[in-house]
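Down below is the structure, laid out as structure tokens.
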Amino acid sequence: MAKKTLEATGEFTDTVTTFSDFVIENIGEGAYSLSTTGGVVIDGLESVANFIAANIKAGSITARDIATDSLVAFTATIDNLLITTGLVSPRVQTALISPLPDENTVTVQIGEEGTDEGKLAVENAEGDEVASI
């Protein structure tokens, strides 16, 4: 790989050997600083954007913190997912439904709020209803 150095202007010059020649440091809530391992701070939005664009590798991203308004993925493996507003899915497959920690009740709400309409249906593998409430 060619040796590159990111200048404060956002331009690259030949000298730096690897991505590890730079340090991205969390300097506050949602704020980060980009500098060389020698302590030279790279400032300016264009400089940082050029650095990031030049160092994205297809297929793999390693990060401690990621913030996004939207995420689309075909498959994900997540050890513990905390959903604070609500989960919307046309299909959920699970082995166990259990109460939250410090709770002893699981509530299933059927139908629209304020109505008595709706039912809970149990279907077999072929999609035939075998029980309902």
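Every number here is computed from the coordinates shown, using simple stated rules; none is lab data. From a predicted model like this one, the values you see are computed outputs, not experimental measurements. Positions of Cβ are backbone-derived with ideal geometry, glycine not excepted, and every protein chain shown enters the neighbour counts.
Between T68 and E129, the FRET efficiency from the beta-carbon distance, with R0 = 30 Å, is close to 0.15. The modelled label-to-label distance between T77 and T37, using points 7 Å beyond Cα along the C-beta direction, is 3.1 nm. Computed extension length for T85-D116: 8.7 nm, one decimal, from 0.36 nm per residue of separation with the Cα-Cα distance subtracted.
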